[in-house]
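*Asks:* Just dropping this structure here.
The values are calculated or read from the model by the stated rules, or taken from the named source; none is laboratory data. Owing to the predicted nature of the structure, the values given are computational and were not obtained by experimental measurement. Glycine also receives a Cβ, built like all others from the backbone with ideal geometry; neighbour counts cover every protein chain displayed. Surface accessibility is based on the protein's heavy atoms, side chains included, excluding ligands, DNA and RNA. Shrake-Rupley method; radii C 1.70, N 1.55, O 1.52, S 1.80 Å.
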Amino acid sequence: MQTPLPDYLANVIEACDIDNSGHLADYIPELANANPNRLALAMSTVDGEIYSVGDDDVEFTIQSISKPFVYAYVLQQLGIDAVLTKVGVEPSGEAFNEISLGKDGRPKNPMINSGAITVHSLIQVKHGLHSAEILRRFMSELAGRELSFDESVYDSEVKTAYRNLSIGYMLRTVGILETDPVDIVNGYIRQCAIMVTVKDLVRMGSVLANGGVDPRTGKRLLNRSVVRQVLSVMMSCGMYDAAGDWLSTVGIPAKSGVAGGILGVLPGQVSIAAFSPRLDEHGHSVRGIDILERLSRDMGLHLMEGTPSAQTIVQSHYRTGKDASLSVYVLRGVLKFTEAEMLLRILQDETTDQSTIVIDLTQISLIHDVGKRMFLEGVDRLIDDGHTLVLVDPEQRLDHARTGKDRELHVYHDFDDLLEKHDLPAKKKTYSDIAALLNC
């Protein structure tokens, strides 16, 4: 059987292909020569599987979709507080290239040009590399392949960069930029000339969707706090003066570019990229917006719909052993705040005695930091009540809250590990079978 997802994506772009409204970004001569009929769509799951249809191998310049990734790079290098001294996070309600600043003298956010130029100025040049080359290497790592610059688009934009230069001089005048604005603006324009496909974009977006970890390699490329900051700003500011409409209709953190690309990232689920060069009055791809609206509606991807927590974290609970002194909890699902609170509420019904409690996390797929802290606090309190705790944690995701000779906490990878450490017969494969051998 083949998954029906590629067929569904093909149907989506076929339905959107009939819309010929919009116009090319003709204020950039090279982009005015783009093929207006190009259309592509790609999606990456949180585990790195990529589906793509249409003109998915056609390269185009990343343009303003580079902004969240450059913001992430600078946040990773300098820290959030340092970057906030230079650029804010408030929606501007203005066009992307508006020549304006916030009341405090900073650019209002890093998604508009004034903020993006400021963020570019914060790149710390290393080993004699130009700032744009540093960014090309960073984005290549995110994309999983070597990206390159479109020199013709870069030359075309540099020759017509009067508005961005005006923004640069304004930023230099008020002290936001500390060096030559011409060099910074040229570096920013070169950053926008990096070439990508929709498959590159969703691979890059999957790192954000996966909390900063490349799902293909397992390598952490960005801190989780950086990803949260970037996605928050994308949600509120990424679609410029259409951000409110985008939030209400699509509800996915997103960023567009005037070459016709749009990238959407839904944390913990998917990244989506569409490409079609015709733009609306806000500078967003007309067909791209239509595509993401359809996907959000059809697949229930709107962020405000949310994912309800499981009604229970405990798959099964039973007592076994002599005098039913072994209490076994088999957990299933994810362990976040809501589930941890539910579990602790269940565990508080354990009587204060000398019994052994087994908690099996074999079927727990994700443990969030707050879920982990709450769970370990509950473990400590059960031990304080006199219980012996046995945790079965195959991935060893739980470190121990505290230890000591009065602490009765035992952690095992799985059944075989438990049996081996207690020198128990291998044929004993259930908690009921091993209760007696554990003196329960």
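*Asks:* Which condition number does ASP290 fail, the rest of (1) at pLDDT 95 or above; (2) buried (at least 22 other Cβ atoms within 10 Å of the Cβ) being met?
*Replies:* (2)
*Asks:* Here's a follow-up. Assess whether ALA259 counts as being over 21 Å from GLU49 (Cβ atoms) and open to solvent by less than 70 Å² (accessible area, probe 1.4 Å).
*Replies:* Here the answer is yes, as ALA259 does meet what is asked.
*Asks:* Within the group LYS255, LYS219, which residue is charged (D, E, K, R) and touching a Lys or Arg at 6+ places or on another chain (Cβ under 8 Å)?
*Replies:* The unique qualifying residue is LYS255.
*Asks:* Among helices (runs of 4 or more DSSP H) lying entirely in the range 1-119, which contain 1 or more residues that are over 25 Å from MET204 (Cα atoms)?
*Replies:* 5-16
*Asks:* Between a first residue in the range 102-115 that is assigned by the TED database to the domain that holds SER236 and a second residue that is of a type in the set (Lys, Arg), which pairs have beta carbons less than 6 Å apart while being 6 or more apart in sequence or on different chains?
*Replies:* So the pair list comes out as GLY102/LYS108; MET111/LYS67.
One line per residue, one yes/no per condition, for (1) touching a helix residue (DSSP H, G or I) at 6+ places or on another chain (Cβ under 7 Å); (2) closer than 17 Å to ILE112 by Cβ; (3) in a helix (DSSP H, G or I); (4) not assigned by the TED database to the domain that holds LYS86:
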position	(1), (2), (3), (4)
TYR154	yes, no, yes, no
ASN164	yes, yes, yes, no
TYR169	yes, yes, yes, no
GLN191	yes, yes, yes, no
VAL207	yes, no, yes, no
GLY211	yes, no, no, no
LEU222	yes, no, no, no
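*Asks:* Please determine whether any residue of the range 50-72 is without any contact (Cβ under 8 Å) to a residue 24 or more places away in the chain and of a type outside the set (A, V, I, L, M).
*Replies:* No, because not a single residue in the range 50-72 is without any contact (Cβ under 8 Å) to a residue 24 or more places away in the chain and of a type outside the set (A, V, I, L, M).
*Asks:* Let me ask another. Cβ-Cβ below 6 Å, separation at least six or inter-chain, first residue in the range 210-229 and more than 19 Å from VAL89 (Cβ to Cβ), second charged (D, E, K, R) and crowded, with 19+ Cβ neighbours inside 10 Å: which pairs?
*Replies:* Listed by first residue and then by second, the contacts come to LEU221/ASP214.
*Asks:* Taking the options SER271, SER325, SER309, name whichever one is polar (S, T, N, Q) and at pLDDT 90 or above.
*Replies:* Being polar (S, T, N, Q) and at pLDDT 90 or above holds for just one of SER271, SER325, SER309, which is SER271.
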